[in-house]
1. Just tell me which aspartates and glutamates come within less than 12 Å, Cα to Cα, of Lys79; anything on the same chain fewer than 8 places away is out.
2. Quick check: at a probe of 1.4 Å, how many percent of the accessible area of the range 254-349 sits on carbon and sulfur atoms?
3. Which trypsin sites (Lys or Arg not before Pro) from the range 213-320 combine a DSSP loop assignment with at most 16 other Cβ atoms within 10 Å?
4. Which FRET efficiency, nearest 0.05, do Ala120 and Ala159 yield, Cβ-Cβ r, R0 22 Å?
5. Tell me which DSSP H helices of the chain clear both cut-offs, 15 Å or more of axial length from alpha-carbon atoms and a mean Kyte-Doolittle hydropathy of at least -0.5.
6. Compute the length gained on full extension between Asp248 and Gln40: take 0.36 nm times their separation in residues and subtract their Cα-Cα distance, giving the result in nm to one decimal.
7. Only loop residues by DSSP count here, and only those with at most 12 other Cβ atoms within 10 Å; note down the trypsin sites (Lys or Arg not before Pro) in the range 82-188 that meet that.
8. Asp150 versus Arg290, label points 7 Å from Cα toward the beta carbon: distance in nm?
Amino acid sequence: MSLELNWYLPTHGDYHGLANNQVGHPDALVRPNAPRYLAQVAKAIEYAGFHAILIPTSATCHDGWVTAAALSRHTTRLKFLVAFRPGFVLPAVAAQTAQSLQAITGGRLLLNVVTGGDSADQRSYGDFLDHTQRYERAAEFLDIVSRLWDGETLNYHGAYYQLAQARLRRLPAPRPPLYFGGASGIAETVAAKHVDTYLLWGETPDMVRDRLQRMNALAAQAGRTLRYGFRVHVIARDTEAQAWAEADRLLREVPKHYLDAAQRAVGNKESVGQSRMSSLHAGKTINHVRDLEVYPNLWAGVGLVRSGAGTALVGSHQQVAERIEEFHQLGLDSFILSGYPNLEETLRIGEEVVPLLRHLQHTDRTRTANPTQEATWALN
């Protein structure tokens, strides 16, 4: 299995802490989502050798399609994992837009389909479907896009979309891989039938094994196989003690009133994946930063401050490399990492952790394969 390492692009702004400078330590710095800064981050991610950057979607972020097109002018190899919500654009339009962006970027487009886990947020954009309906619509959306990319001329009569004699005049080359997350039953069914890489937030190995076993069975029923991805933050330092001291600083500098507000906001979300993230820290008495260590080097503290991916790999460079390799051996091939701030941390991980991962990969393969066989990497 190849190991694909990706990084996160902070299109909402970048911080030295878990929260911005309005709620964190008075000396904390915030870096706004200015185009010049995002270009610097993208260049650093490319320099550090990562495969792609995740460009997120939310009301606080720049549009992912526009951002990818702009940053393609500042990079030469880096791929763009563009997150978008399928309910906000017609599928035939999205299929054509993807083809255009694939041409403009020189084949560097990947797509992350996000159905939306918060009805209030969806309604603010004019989308009033409930959780189940959003996934049903996403299934139709992905079916249409896939068939158009296959070159079909399509007449389609679904519950959410109607098309007459739809076709693409040009097909994307290469076809953009589809990444998709969601922990509910209907999300798993949609993923098994329609996507290439199924994404998980940073759960414990036991939780990951259970989900991969279930997803493998669902994909097999659909006559398909899936790749799996892992979205997690990283706090790596020269020593374990230094890494945990940094995790302690990150959490300690967030005011209690902000933590309370963040947890109230997370509690209102419908996302099953969010509930799973919250379960890792809910009800815990926190006297020390490591009270939230839910598995060796896996820390649930980030989830106290933000929604979505709520765990971080915390430890020495060697320990972080070992944990990534451990999760890779479980069947996770694609990792989407991030840090605080992203500019410095992508360089730190690229220069300190990635070489150790290469060594671990090579060592694992020489134990079981031809001693001259090299590890296969989606890194350059």
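1. Excluding near neighbours in sequence, the set is Glu4, Glu46.
2. Looking at the range 254-349 in its full context, I get 50 percent from C and S.
3. Sites meeting the loop and neighbour criteria: Arg224, Lys284, Arg306.
4. The value I calculate is 0.40.
5. 35-47, 91-105
6. Between Asp248 and Gln40, full extension yields 72.1 nm more.
7. Arg169, Arg170
8. About 5.4 nm separates the two model spin labels.
The values are calculated or read from the model by the stated rules, or taken from the named source; none is laboratory data. Worth saying up front: this structure is predicted, and the values here are computed from it rather than measured. So basically every Cβ, Gly included, is an ideal-geometry build from the backbone, and we count neighbours across all protein chains shown. Protein only, heavy atoms only, side chains kept; ligands, DNA and RNA dropped before computing areas. Shrake-Rupley method; radii C 1.70, N 1.55, O 1.52, S 1.80 Å.
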